[in-house]
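Everything on this sheet refers to the single structure shown next.
Please treat every number below as a calculation from the coordinates, not as lab data. Computed from a prediction, not measured in an experiment: that's the story for all the values here. Don't worry about glycine lacking a Cβ; one is built from the backbone with ideal geometry, like all the others, and counts go over all protein chains shown.
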């Protein structure tokens, strides 16, 4: 397993080298010093959550009062209860950093991330000397402890910088007290109390060969300091052998499962590995804490954009979709566990909006308790947010074959999500429709019309759910609800617009995609929901027209997470050249010097995402680089999708790989049905395919949409077969093929 090198200076936290264990996050960066920006994923101010109002915030009232010409209707349906002046909506809080001062005339010149060990080494240069001195960082995978080895004594002191130095005025307005500082000869740190939530403390304890940083919570500042101090002192005195042993074992198991990929592009080979590393440290299942927009990291110098919450209209799903193909299924379990713990909240939402006891609704933006940050139609009735989560429950079964999970968790969750859609749809003249709903983020702050009839985003989600529930019912030998079959028969797959011969998928009835839109929700029948079924010539023409219309609107408003999504859609259309071009453009626009994705484009000329881009780019980068995980994970998923994916029940090999990409290979990408697939192409030609079944089953494989290729199956007796490959394998069975 290789190392990834980072050139210093890394002048901002978001350009720093990420370390974490799912709960405790650290960013290693700096110019003249080594700075460690720290935070925890559970450091929240939970006050000010939004609750829908019983008897008022109902779907019936939304339909009755919705008036695109008068925005005052939202206040009638989504009334906001007055808050105290010192209460905000829930948000993840910034915390602070440690600055490790270096000896005079010394400065960091390079950082190495050892992927096999999860270790970061910062190399220090003394001015005028060729030799470099290491400072080594190990963050425990199961303790909230960061160990810093300084064998050559390059660190000469520690400064503490609390978030209060940058955002203290804001925190004070919201009733936060000033932090409590800890400054002793061998111990530095601080604690931040919260008005209604646990305090958190960071303690840096000096030891003979370096430092130990511990980050712990407590009921108040003294208890948090005591807990963090005890933990830091224990490891400083007793040593960190247990940390090293646990870390090495954990990373060995992690990388053993990660698919190997070799692209003819050094940057994306490196970025892919860093993305999988970052996924591991952001979603470590031992932490029991799911990753939100920023994982366990939050910058210290600003209040977190979007409150560092859980966004469910693409962002959380884009992060966690990576778990499936990357063969890291256990990494999605903390998300499922947390969502299942929200059942009371999700049922309350459905009860208020639809008057049912067995429905489930996740708000589009929520805190770690599942409580909504704000109200409004885009937060409460964009039910595809919950539907996309339900798809991930279903995918967990498809990729694992875990029938117990399907019976006890996936099926009940999908059932609860579908119950809301069942209440939403209406029948008229033998046709089902959604009278009024959202298409994700369409029209926000641009036009008054925020909703419409039969949004294609929602239709695609309902069909995906109906297909999954019908199949799950068959597997579990349950009687399906009749409405699920009715949905398949009477609800359209999408809403169309355009004159005959030019019909294409609309946003909703009468609403075309008439401007460049960053959220590709109207094309979700292609991805993520794969709900088109058999592509008849009529459907194919509609999809082709839709893609052409989408392309014609350009990408000038696209953000860092929607370009990888676009590459996936095009790979699923079997466009060989353009997905790779999109990722190359994305790299230039949205990757900083620390291999982190940035939300605002790095330069003008290709994307004007966010209307204030020109003004934003006059500011320092630290003020404009919004930290998010979705683009990073989305790119890794896009690479998988370009290499191989499952669509309509069949596997497609190399569907989005350019013809001029001559040498490319991958090993053990996971597919639905619990298959691991490997393949290699050299000098533009397929060399081999290998498939392993973990649980037994049937798989059909198409190669680059080529129906003519003959393959030879390896074994005691070679057998020639023609594409597509149709294989029925036993549990644990592997087969290999090569061209004749």
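Summary table below
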| item | result |
| --- | --- |
| Ratio of Rg to Rh over the range 673-739 (Cα coordinates, Kirkwood Rh, two decimals) | 0.95 |
| Value at 222 nm in deg cm²/dmol, rounded to 500, when DSSP H runs of n ≥ 4 in the chain each add -39,500 (n - 2.57) | -9500 deg cm²/dmol |
| Shape box of the chain [Cα atoms, principal axes, largest first, Å] | 79, 72, 52 |
| Three-way shape label, the range 395-453, alpha-carbon gyration tensor, a/c 1.5 | oblate |
| Whole-angstrom gap from the range 90-125 to the range 404-424, using each part's C-alpha centre | 45 |
| Segments 13-19, 183-189, 304-310 sorted - mean Cβ within 10 Å per residue, highest first | 13-19, 304-310, 183-189 |
| Peptides 550-556, 572-578 ordered by average Cβ neighbours within 10 Å, highest first | 572-578, 550-556 |
| Cα gyration tensor shape for the range 472-590, rounded if a/c is under 1.5, else prolate or oblate | prolate |
| Label-to-label distance, nm, for residues given as residue 584 and residue 534 (7 Å Cα→Cβ offset) | 4.0 |
| Distance (nanometres) between label positions extended 7 Å along Cα→Cβ at residue 684 and residue 63 | 5.8 |
| Average projected area [Cα convex hull, the range 262-338], square nanometres | 6.3 |
| Cβ crowding within 10 Å averaged over residues, with 101-107, 522-528 ranked highest first | 522-528, 101-107 |
